[in-house]
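Below you'll find the structure, written out as structure tokens, and then a few comments.
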Amino acid sequence: MSTIVIKIGGGEGIDPLALMEEVAGLVRQGERIVVVHGGSHETNELSDALGHPTRTIKSSGGRVSRRTDRRTLEIFEMVYCGKINKAVVERLRQLGINAIGLRGIDAGICFVQPEDGIRDMSSGTTVIIRDDLSGRVEQVNGDFLNSLLDAGMVPVLSPPAVTPDGIAINVDADRAAAATAAELKADELLLLSNVPGVLETVNDPDSLIRTVSGSDMEVVQHAAKGRMKNKVLAAEEAIGSGVSRVVIGSAGAERAIESARRGQGTLFEQGAIAVPSTQGCSESVRVLVDLVTTPSVSGSEYAAVRVFETHANRLGLRCEIDQEGSVLAHAGADLSSSQAHIILLGHIDTVSGDIPVRIEHGVLHGRGSVDAKGPLAAMLIAASEAQLPEGVSLTVAGAVGEEAEESRGARAIAARYSPDACIIGEPSGAEGVTLGYKGRVAIRATFVSESAHSAGDAQNACDLAHAWWNRVGESISKLNGGKRLVFEQIQARLLGQQSESDGNKEFATLHTSFRLPLQVIPVDFESELRSMLPRDASLDLTSSECAYATDRNDPVVRSLMTSIREEGMTPKPKLKTGTADLNVVGPIWNCPIAAYGPGDSALDHTPCEHLDLDEYAKSIRVLSRAIERVARELLTDHQGCVNAILSAS
């Protein structure tokens, strides 16, 4: 479920009602939608008809706004609030959508601090205007808007905003939409107008600036003319406040909202407001920085998926987003006619926890830099650089939900494909190759006892829970006897515990996690845990994965280790005590497989997560060579099978 703010401009030729079917479709899909609309053209026409022509103010930066006296504000509200807002709400109601029309002044949705004086450069000299009723939104009532969205409603917003003294103030609708998107932590802000986006040359659609990175900001700011400057400023403010992506697009395009969401127009993404020290960086670093600066906690990956898609398309790969929301980028032969298929499977989600994104002394700091956007970005760049033999198809997958217990993205990919080889994108260090991961079971155990006085002899629910946990520990110690390597041992961890009473019974719950070696089957281990439970206790399995490991003679392992040596490093095969999507797809695909990627996995999930950019660059070269080696070996094996069949026939 995404939060999307859609601002529909009020320029000549724009019909906001024509976009409402698309809005209704998004709402039916479960998206949280806020519509903000303009009305400048109709306001100008009505002003002329009423004998109060429009006047404008030009700032020192070239931005143009409406000169707003009391009469202008009255006319403004007639059009924006009295006509357009209610027409949009009426159309949404006709489509079965529970919309509510609101002004920024209503419920104090948009607060503004009036300015003491506005500098007007329209005449070529600076004039201070002190009676203008316009300003900039300083605060948005996000709690109120979220309550409407949580109730399944679609707020339809228009200016004016309100001062702390209750005075209505005209505000720029684009920047009001940006402030709204920032307050709601929106995934997307769409600014739709009567032009296709920011044009380097006015009235020349072929000069459209399609994407904006940090180094492009000066170019797009210079190209924007007139009211487009306000839209660019709104995009910059939204991105700078954490909105994941902003598109300035055409309201008149076919399926305008869908087109804008696909990046048709001028696309701003996290990273457009440049991270300090990224100027002049290579494209591979820009891809990584853009991914890391785009939050993608499990369940909220859409914005990062779009960032990945944009970069993959730019690199020449063919992109799609599957039904689970994972992003897939394809290179080489079409899968329907390929002789061999390689999958590079990473994950695009992260755990929570904000780490300011920055580059210091060649090190990128930020959540996901190691786990696992660094490995994912390295795979994407390597896929674009690898020279694939004819007949080989390559897929780079950014799976969603890996950090959640269900790994839904990887499971859907595992069910869809049957590759001939796979590299899992997880941090191993540029010189490391991960051959296997331990299995895992997560258990919730609940214990019940009759309520009793604490001075009595009877064990309460907490006593029963801890006695069971002690028995489990003793049993695991016996099973681990004589095993030196941690990878061969069972590891137990108590993650949390709660207790409560309803007056008659007492309850205690333990949340536990067990890391299992290859020889321990999760279902058998679960049965062993159940056998140790006291009467009236219950056990629920919340997640389960079998351990999985390959060996050094695996073709993928050999290719990675050879490529590591060619980079001047000594290969370090590793067995890890955690779990990864290798545990999910390995038993299903049963193909050559290993995990590889830059970064120190000891930094996973920590507040000091960071990635050395030199190591990142090395890993890209290792991956590119390894992909080429695996591809050649797969083709050789394929041709050998063909020859054997021909000989037999």
I need the full set of residues from segment 289-301 which are closer than 19 Å to residue 212 by Cα and modelled with pLDDT under 90, in order please.
290, 293, 294, 295
Could we say that residue 389 is part of a loop (DSSP other than H, G, I, E, B) and open to solvent by 20 Å² or more (accessible area, probe 1.4 Å) here?
yes
Evaluate the following for residue 175: is it under 24 Å from the mean Cα position of the chain (by Cα) and open to solvent by less than 50 Å² (accessible area, probe 1.4 Å)?
yes
Does residue 461 satisfy being of a type outside the set (Val, Ile, Thr), at pLDDT below 95 and touching a Phe, Trp or Tyr at 6+ places or on another chain (Cβ under 8 Å)?
yes
Just checking, which of 350, 293 is of a type in the set (Val, Ile, Thr) and farther than 23 Å from residue 423 by Cβ?
293
Hey, residue 52 hits all of (1) in a loop (DSSP other than H, G, I, E, B); (2) under 19 Å from residue 171 (Cβ atoms) but one; which does it fall short on?
(2)
I'd like to know if segment 96-117 contains one or more residues that are more than 22 Å from residue 162 (Cα to Cα) and loosely packed, with under 15 Cβ neighbours inside 10 Å.
yes
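Hey, among the residues in segment 368-386 that are open to solvent by less than 30 Å² (accessible area, probe 1.4 Å) and among the charged types (D, E, K, R), which one's farthest from the chain's Cα centre (by Cα)?
So the first thing to find is which residues in segment 368-386 are open to solvent by less than 30 Å² (accessible area, probe 1.4 Å), and the list is 368-383, 386.
If we keep only those that are among the charged types (D, E, K, R) too, we end up with 371, 373.
Numbers: 371: 14, 373: 11 Å.
Per the stated criteria, the residue is 371.
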Over segment 15-32, the set of residues crowded, with 24+ Cβ neighbours inside 10 Å and β-branched (Val, Ile, Thr) is 23
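Every residue in segment 261-281 that is at pLDDT below 85 and either open to solvent by less than 40 Å² (accessible area, probe 1.4 Å) or under 21 Å from residue 378 (Cα atoms) (or both), please.
Step one: list which residues in segment 261-281 are at pLDDT below 85, which gives 263, 269-281.
Within segment 261-281, 263, 269, 270, 271, 272, 274, 275, 277, 278, 279, 280, 281 meet the criteria.
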Pairs with Cβ under 6 Å, 6+ apart, first in segment 626-637 and over 13 Å from residue 593 (Cα atoms), second open to solvent by 30 Å² or more (accessible area, probe 1.4 Å) and part of a helix (DSSP H, G or I)
633/555
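Quick one: is residue 628 open to solvent by less than 50 Å² (accessible area, probe 1.4 Å), modelled with pLDDT of 95 or more and touching a Lys or Arg at 6+ places or on another chain (Cβ under 7 Å)?
On the way: open to solvent by less than 50 Å² (accessible area, probe 1.4 Å): yes; modelled with pLDDT of 95 or more: yes; touching a Lys or Arg at 6+ places or on another chain (Cβ under 7 Å): no.
Judged against the criteria, residue 628 is not a match.
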Which of the following residues is closer than 23 Å to residue 34 by Cα and small (Gly, Ala, Ser): 224, 181?
181
Residue, modelled with the highest pLDDT, within segment 26-58, restricted to residues that are touching a strand residue (DSSP E or B) at 6+ places or on another chain (Cβ under 7 Å) and over 28 Å from residue 259 (Cβ atoms)
54
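Please note which strands (runs of 3 or more DSSP E) are completely contained in segment 420-469 and include at least 2 residues that are open to solvent by 10 Å² or more (accessible area, probe 1.4 Å) and either hydrophobic (A, V, I, L, M, F, W, C) or free of Cβ contacts under 8 Å to residues at least 60 places away in the same chain (or both).
Working: elements: 421-425, 432-437, 439-450.
Those strands (runs of 3 or more DSSP E) span 439-450.
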Going by what's in this entry, would residue 201 be described as open to solvent by 20 Å² or more (accessible area, probe 1.4 Å), at pLDDT below 90 and under 20 Å from residue 302 (Cβ atoms)?
no
Search segment 335-361 for residues that are charged (D, E, K, R) and pair each with any residue that is assigned to a strand (DSSP E or B) and open to solvent by 10 Å² or more (accessible area, probe 1.4 Å) when their beta-carbon atoms are under 6 Å apart and the residues are at least 6 apart or on different chains.
358/365
Between 481, 473, 456, which is more than 39 Å from the chain's Cα centre (by Cα) and under 18 Å from residue 507 (Cα atoms)?
456
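The values are calculated or read from the model by the stated rules, or taken from the named source; none is laboratory data. Fair warning: this is a prediction, and the values are worked out from it, not measured in the lab. Quick reminder, even Gly has a Cβ in these numbers, built from the backbone with ideal geometry, and neighbours come from all protein chains shown. Remember, those area values only see protein heavy atoms, side chains included, never the ligands or the DNA or RNA. Shrake-Rupley method; radii C 1.70, N 1.55, O 1.52, S 1.80 Å.
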